[in-house]
Amino acid sequence: MARSLKPKSFLGVFARQGLAIIITAAILLEATAFLQFYFSRRGIEQEATRRAESELENTEAEISGIMSQVEVAVKNNLWAVRNMLPHPDSLYDITQRILDFNPSVSGSAVAMIPDYYRSRGRLYSPYSYRNAEGEIASKQLGTDTYDYTGMEWFTEALTHPDGYWSEPYFDEGGGEMLMSTFSMPVYDSKGRTVAVLTADMSLDWLSAVVDDIDVYPGAYSLMVSRSGQMMVAQAETLVMRSNIQHVIEEIADKDSVSDALSRSMLSGERGRGTIHRGRSESEVFFAPIQKTGWSMAIVVPHHEIYGNVEKIGSLVALLQIIGLILLVMIIRQTAISMLKLRDVEERKEVIERELQVARNIQMSMLPKTFPPFPDRHDLDLYGVIIPAKEVGGDLYDFFIRGDYLCFCIGDVSGKGVPASLVMAMTRSLFRTASAHENCPDRIIGNMNDTMSEMNESSMFVTCFVGILDLTSGQFRYCNAGHNAPIIISTGGARALDVASNIPLGIEIDMKFEAQEATLRSGESLLLYTDGLTEAENEDSKLYGDAALLKVAGTIGGLSAKEQVDKIEESVRAHVAGAPQSDDLTILNIRYLGAPDAATDRHLVLHNDIQQIPQLAGFVETIASESGMPQGMAMSVNLALEEAVTNVIMYAYPKGKEGLVEVEAIIRKGEVEFIISDSGQPFDPTARADVDTSLSVEDRPIGGLGIHLVRKIMDVVSYARVSGRNVLRLIKKTQA
């Protein structure tokens with residue numbers, strides 16, 4: 001029979017086992033408490049980092065957004081300064097307009113290079129600013145006591161073609177305030193630097209923005225310039241009177257860590273670091289302002305971050321620990337959710353503000369002042385653009401060069417911000433390509449090649465480009481997949497005959513066909529995007545081409561704006577309040593030139609050299625009707641004989657018959673001869689001028705004929721239009 005345990009032995013075994021259990025439990029509790037403390041501290045550290053970085057990111061976005069508005073204001077007015085260089089007093093209008101349309105700008109100047117306007121003195125700089133009452137005032141900035149040529153914003157802008165933000169400074173004699181200036185060089189038509197266009201941004205708002213950073217109650221913020229000068233500090237006496245190294249020495253012990261921290265901030269880095277002051281520590285979170293090289297930092301004492309965790313004692317009971325864990329988890333999750341919700345709302349507001357700014361910028365790119373040319377009586381023009389979203393992809397543009405109206409309309413595939421960016425690029429390409437070009441097919445070709453090379457997003461643009469001769473109503477045009485315009489007259493309306501071609505941006509080196517037409521006095525050329533004909537009502541029924549032609553046929557006698565208003569009224573009646581699904585754009589060009597402003601004569605020759613003598617009688621008739629002197633008529637006849645002989649000899653293959661058409665248009669003070677044929681493409685003006693100083697042996701064969709034509713005629717131009725060679729020769733009959 002086995003012997004039973006004694007009570008004393010049983011108690012000893014139980015005590016030993018219980019002690020082991022207690023020790024084990026204590027160890028587990030201590031381990032649990034330690035792990036809880038460790039992970040709580042780590043989680044709070046990560047949360048503090050996220051909060052600080054989020055505040056830095058939001059503040060950076062807010063500052064960059066304001067600075068971007070200032071940059072856009074300068075860039076959008078460079079062309080205006082260049083155009084107004086011959087009119088120095090008009091430069092004040094530009095600086096005033098920059099302030100009027102940009103509340104973020106406190107001052108703007110056009111600082112000319114020394115002695116550019118000798119009559120205005122060595123230094124001339126129209127300057128506009130907001131005075132103490134908030135009104136816009138102007139003055140001449142360049143004086144003997146204020147030599148801006150030594151200012152950073154002037155000297156650095158000359159070597160920074162994309163723009164330069166100056167170091168913060170107190171502008172005495174100018175804006176009379178703490179500011180930073182964004183400046184860009186202005187080039188004349190020959191590419192020479194002639195001035196610097198500036199926009200001053202007051203930094204009074206900067207302290208408020210940085211001070212709004214709310215991470216912890218005891219935290220404070222700093223901002224330094226790229227040279228280390230304090231721009232925002234806890235003590236206002238340090239602003240622009242101390243640098244980052246001195247400030248860090250005030251708040252931390254001098255060691256390699258604090259030195260590395262200041263170097264990192266001045267190097268434009270993003271990160272965090274720990275500084276020591278005796279036995280206390282602080283975390284420093286810093287990030288750069290990319291546009292300017294400034295750096296901002298948030299300094300948070302350790303006790304602000306870890307104070308609650310350090311109060312957790314080792315004697316907290318299991319239920320307290322569990323309750324605290326649950327409470328911390330609930331609060332943490334709630335805080336994270338609220339932070340996420342607040343972040344979503346803030347981002348939504350930022351996006352809405354940015355979209356509104358983008359819409360304003362986009363609309364500012366397009367002509368919106370009508371009538372655009374109030375001094376001209378041969379043209380009535382009106383346009384309207386209605387984006388389906390905050391920003392869109394439709395565009396139109398026009399400008400007058402000499403007696404020619406250059407215009408375009410386009411529609412970018414897609415909608416929203418991507419389409420608006422492509423729209424801005426397309427409009428810029430049109431301006432560049434048409435600045436010195438009269439052939440719309442070349443303009444379209446140049447635009448297409450540039451867009452195709454950079455079209456990584458596979459977006460395309462339908463586009464119509466035209467050049468209207470305001471003296472005759474004749475215009476050349478080229479279409480790239482766009483809707484055919486409509487010609488409106490008092491007798492009705494008809495669609496313009498257009499070759500479709502492909503849209504822009506699809507394939508490089510595409511050939512586009514140019515065409516010609518004539519607008520009679522009182523006729524309108526209505527250009528539009530498919531958002532007009534594809535406007536839907538609630539039943540998804542399209543407005544359609546037929547409805548547009550019908551209403552266009554009834555508005556021939558109205559002004560350009562009245563015609564557009566009638567069309568818009570008809571579309572609104574069709575959609576009956578249904579939401580707009582696509583951008584809608586209309587450009588209406590009404591030609592008012594006199595129908596009998598010129599006399600037109602024609603001569604048709606076969607490609608037979610024996611028919612050349614007919615030119616003499618033709619030129620004699622033109623000379624008589626235009627009042628051309630006899631000596632001039634003989635020279636013109638010689639030039640025409642050279643040009644027509646060139647066509648007869650080289651336009652058509654040997655043995656093939658063809659025609660050469662000679663048209664003469666007599667206008668007041670000039671006669672225009674148009675020589676055209678349907679032969680193989682040949683541009684006689686492409687050859688360089690003959691060097692007549694060379695001997696006959698050294699001179700290349702050929703080229704004397706076109707050299708003679710250039711010497712006799714005042715204007716010589718060539719174009720390939722609708723499969724025909726078109727050579728235009730203009731002779732002025734009056735000085």
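The values are calculated or read from the model by the stated rules, or taken from the named source; none is laboratory data. Quantities reported herein were computed from a predicted structural model and do not represent experimental measurements. Positions of Cβ are generated from backbone atoms using ideal geometry, with glycine treated the same way; all protein chains shown enter the neighbour counts. For accessibility, only protein heavy atoms count, side chains too; no ligands or nucleic acids. Shrake-Rupley method; radii C 1.70, N 1.55, O 1.52, S 1.80 Å.
Longest exposed-loop-site-free stretch of the chain, with trypsin sites (Lys or Arg not before Pro), DSSP loop and at most 12 other Cβ within 10 Å?
Numbers: sites that count: Arg3, Lys190, Arg192, Arg241, Lys254, Arg279, Lys311, Lys368, Lys511, Arg520, Lys541, Lys654, Lys656, Lys668.
Result, exposed sites excluded: 4-189.
What does the stretch 501-570 give for Rg and for Dmax, in Å, if only its C-alpha atoms count?
For the stretch 501-570, the Cα-based Rg and Dmax read 15.9, 43 Å.
Pull up the cross-link candidates among the lysines for Lys541, meaning alpha carbon to alpha carbon under 29 Å and not fewer than 8 places away within one chain.
Lys389, Lys415, Lys550, Lys561, Lys566
So how strong a dipole does the stretch 484-586 carry about its Cα centre when Lys and Arg Cβ are +1 and Asp and Glu Cβ are -1, to the nearest 20 debye? The partial results should precede the final answer.
Values: 8 positive and 18 negative charges, 98 e Å.
Here the size comes out at about 480 debye.
Based on Cα coordinates alone, diagonalise the gyration tensor for the stretch 179-220, multiply each eigenvalue by 5, take square roots, and list the semi-axes in whole Å, largest first.
Values: eigenvalues 328, 15, 6 Å².
Semi-axes, largest first: 40, 9, 5 Å.
From the gyration tensor of the Cα coordinates in the stretch 374-492, what semi-axes in whole Å does the equivalent ellipsoid have, largest first, with each one equal to sqrt(5λ)?
Values: eigenvalues 131, 60, 33 Å².
Whole-Å semi-axes of the equivalent ellipsoid: 26, 17, 13.
Return the Cα extents of the stretch 593-669 along principal axes one, two and three, sorted largest first, each rounded to a whole Å.
Principal extents (Cα only, largest first): 43, 31, 15 Å.
Per DSSP H run of n ≥ 4, the term is -39500 (n - 2.57); total these for the chain, divide by its residue number, and report the mean residue ellipticity at 222 nm rounded to 500 deg cm²/dmol. The partial results should precede the final answer.
Working: 17 runs with 277 residues, N = 735.
Only helices count here, giving -12500 deg cm²/dmol.
Using a basic spin-label model with each label point 7 Å from the Cα along Cα→Cβ, how many nm lie between His302 and Gln17?
Reported label-point gap for His302 and Gln17 is 4.7 nm.
From the residues Gly627, Ile648, Asn637, which one has its Cα farthest along the dipole of the stretch 620-673 in the positive direction, the dipole being from +1 and -1 charges on Cβ of Lys/Arg and Asp/Glu about the Cα centre?
Ile648
Cross-link list Lys75/Lys291; Lys711/Lys732; Lys75/Lys190: which exceed 24 angstrom alpha carbon to alpha carbon? Write out the running numbers ahead of the final one.
Values: Lys75/Lys291 15 Å; Lys711/Lys732 13 Å; Lys75/Lys190 19 Å.
Among Lys75/Lys291; Lys711/Lys732; Lys75/Lys190, the Cα-Cα distance tops 24 Å for no pair.
Using alpha-carbon positions, what is the distance between the centroids of the stretch 423-473 and the stretch 93-169, in Å?
35 Å
In Å and from the alpha-carbon atoms only, list the Rg and Dmax of the stretch 408-469.
Values for the stretch 408-469 (Cα only, Rg and Dmax): 11.5, 37 Å.
With every protein chain kept in place and ligands, DNA and RNA left out, what is the accessible area per residue of the chain? Probe 1.4 Å, answer in Å².
On the way: 37970 Å² over 735 residues.
In whole numbers, the chain has 52 Å² accessible per residue.
So what is the orientation-averaged projected area of the chain, using the convex hull of its C-alpha atoms, in nm²? Walk me through the intermediate numbers first.
Details: hull surface 233.8 nm².
Computing the convex hull of the Cα atoms and averaging its projections yields 58.5 nm².
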